[in-house]
Ligand code: NAD
Ligand code: MG
């Protein structure tokens with residue numbers, strides 16, 4: 001029996017994780033659940049999975065959650081600090097970080113310090129402070145098991161290869177809903193169009209990131225830290241069918257890929273069961289449904305975010321933190337119809353050139369950079 005805590009239980013990853021837990025009775029016990037604002041779903045989840053603790057981020061909803069769970073003995077907390085408590089419960093073995101955004105940083109640190117293994121969906125945390133997080137995980141003997149499908153693929157390809165040399169990795173990208181489109185088309189796309197991902201149903205932020213290729217950019221940075229790679233060892237290849245989830249090329253030229261239907265429950269299931277594989281009833285791949293798997297180069301001049309992310313990784317220091325914070329602001333602004341699709345990259349680039357660079361940031365430097373960038377990007381949005 002593995003005891004699992006889910007941060008961001010009401011989101012796309014969180015709800016699929018609970019489906020995985022439900023489908024494997026006797027294997028997993030839920031210890032804590034958190035949500036930002038969807039109190040009704042959090043209450044329903046708590047009544048079903050009976051965790052020790054729930055946290056509702058929005059403090060205005062605390063009383064209603066508390067009242068609904070009054071007879072259950074489940075501890076109910078509210079607010080940002082409580083997330084760290086939910087992440088470090090003594091009873092927990094593994095914390096699934098399924099919160100969206102850099103707000104996941106502090107609870108992830110709390111979980112690692114409490115020696116909890118991490119099932120990492122919240123890629124923004126590794127983008128912001130990958131050096132600190134990976135050092136801390138080493139120091140506390142904590143495993144970080146990727147849930148992001150590409151990184152789960154690489155992780156699975158590396159099982160049994162601990163003493164072998166990776167030449168490079170290829171992260172596959174679907175290309176999103178605007179693959180093949182030009183800049184004049186993108187200038188006028190709406191959020192409704194951007195939210196229609198061809199292969200995956202996900203939260204709003206990552207869906208916009210997929211349309212703008214920032215998701216792949218963030219994943220490049222995430223891969224650097226998860227697999228201890230140099231930037232030159234990471235490449236991106238567009239693969240619209242999303243069947244090959246990513247590939248590793250070793251120093252003998254041999255390549256390993258992990259494949260399967262696009263279903264996030266698979267990498268979640270793998271992260272929960274790791275190092276075992278546990279049988280599942282997920283739909284199986286049929287070659288005749290996919291007679292062609294195709295690959296092409298990303299259009300980096302149209303989708304500038306990918307190069308901006310590579311540049312942030314090359315410049316290192318707090319630059320990935322800047323790009324992440326700026327991106328969180330512009331995605332939100334795009335979702336609120338405040339700016340156009342192409343303006344997102346313009347504002348991110350402006351933040352990268354104007355926010356003070358710090359070569360060796362501390363945690364406080366990262367938190368300050370995150371805050372300053374959000375303020376500056378917010379001003380650029382309203383200009
Ligand atoms: P989502 O928007 O569907 O869910 C986000 C969750 O985080 C919700 O439970 C919400 O209550 C919580 N949350 C939001 N803001 C919060 C805040 N300020 N404080 C505390 N909690 C907050 O997002 P998602 O699609 O499930 O993505 C979650 C993470 O997983 C993201 O980092 C994303 O990049 C990553 N990821 C998602 C997918 C996917 O298929 N959805 C795939 C790979 C990686
Ligand atoms: Mg991914």
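Descriptive notes on the structure:
- Residue match in region 134-146 (condition: assigned to a helix (DSSP H, G or I) and under 15 Å from the mean Cα position of the chain (by Cα)): no
- Only residues that are in a loop (DSSP other than H, G, I, E, B) and either more than 21 Å from the chain's Cα centre (by Cα) or surrounded by fewer than 18 Cβ atoms within 10 Å (Cβ to Cβ) (or both) were counted across region 242-259, and they come to 4.
- Of all residues in region 207-219, those that are within 11 Å of ligand 2 (Cβ to nearest atom) and surrounded by fewer than 24 Cβ atoms within 10 Å (Cβ to Cβ) total 0.
- The conditions of being out of contact with any strand residue (DSSP E or B) (no Cβ under 7 Å at 6 or more places or on another chain), under 21 Å from residue 19 (Cβ atoms), surrounded by 14 or more Cβ atoms within 10 Å (Cβ to Cβ) and in the same structural domain as residue 14 (by TED's automatic domain parsing) are met by residue 43.
- Test set (1) within 12 Å of ligand 2 (Cβ to nearest atom); (2) without any contact (Cβ under 8 Å) to a residue 12 or more places away in the chain - residue 252 fails condition number: (1)
- Boolean, residue 77 is within 16 Å of ligand 2 (Cβ to nearest atom) and in a strand (DSSP E or B): no
- Residues in region 157-173 that are crowded, with 20+ Cβ neighbours inside 10 Å and either within 12 Å of ligand 2 (Cβ to nearest atom) or more than 18 Å from residue 210 (Cα to Cα) (or both): 157, 169, 171, 172, 173.
- Lone qualifier among 60, 24 - being part of a loop (DSSP other than H, G, I, E, B), away from ligand 2 (no atom under 16 Å from the Cβ) and in the same structural domain as residue 121 (by TED's automatic domain parsing): 24
- If the condition is being more than 13 Å from ligand 1 (Cβ to nearest atom) and assigned to a helix (DSSP H, G or I), then region 224-241 contributes 224, 225, 227, 231, 232, 233.
- Meets criteria (outside the structural domain of residue 264 (by TED's automatic domain parsing), in contact (Cβ under 8 Å) with a residue 12 or more places away in the chain and touching a helix residue (DSSP H, G or I) at 6+ places or on another chain (Cβ under 8 Å)) for residue 119: yes
- Qualifying residue in region 155-166 (condition: assigned to a helix (DSSP H, G or I), in contact with a strand residue (DSSP E or B) (Cβ under 6 Å, 6 or more places away or on another chain) and assigned by TED's automatic domain parsing to the domain that holds residue 28): no
- Of all residues in region 86-116 being without any contact (Cβ under 8 Å) to a residue 40 or more places away in the chain and surrounded by fewer than 24 Cβ atoms within 10 Å (Cβ to Cβ), the one that is farthest from ligand 2 (Cβ to nearest atom): 90
The values are calculated or read from the model by the stated rules, or taken from the named source; none is laboratory data. Nothing here was measured: the structure is a model prediction, and the numbers come from that model. FYI the Cβ positions are ideal-geometry reconstructions off the backbone, even for glycines, and counts take in every protein chain you see.
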